Amino acid sequence: MLKQLEARFNAADKDHDGKLSKAEAEAGMPRLAKAFDKIDVDHTGYITLAQIEAFMAQMKKK
C-alpha cells in the first residue's frame with residue numbers, strides 16, 4: 001500500500017520537489033486534499049509523503 005501511495009504522490013508532485021501544494025493535492029489526490037489542513041500540521045502550505053504516512057498511521061489508531 002505504501003508503494004502505491006508513493007507512486008500516486010510522485011505523480012501528483014508535478015514540480016518534483018518532494019512535496020505537494022494544496023493545488024497539486026487537489027489535482028492529483030483529491031481525497032487526500034480534503035484532509036490537507038489536518039496533514040499540514042506545521043502550516044507550511046505543503047505536505048510531504050512522510051506527513052501523509054504519519055497522518056494515515058494516526059487515523060488507523062482511531
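Read-outs: derived from the displayed coordinates by stated rules, not from any lab. Just so it is clear, the model here is predicted, and its values are computed rather than measured. We place every Cβ from the backbone using ideal geometry, glycine too, and count neighbours over all the protein chains shown.
What pairs in K22/K61; K38/K61; K38/K62 have C-alpha atoms more than 19 Å from each other? Beyond 19 Å: K22/K61. Each label point was placed 7 Å from the Cα along the Cα-to-Cβ direction; for T44 and K60 their separation is 2.3 nm.
Dividing the radius of gyration of the alpha carbons in the stretch 2-61 by their Kirkwood radius gives 0.92 for Rg/Rh.
Its relative contact order, with pairs defined as Cα atoms under 8 Å and 6+ residues apart, puts the chain at 27 percent.
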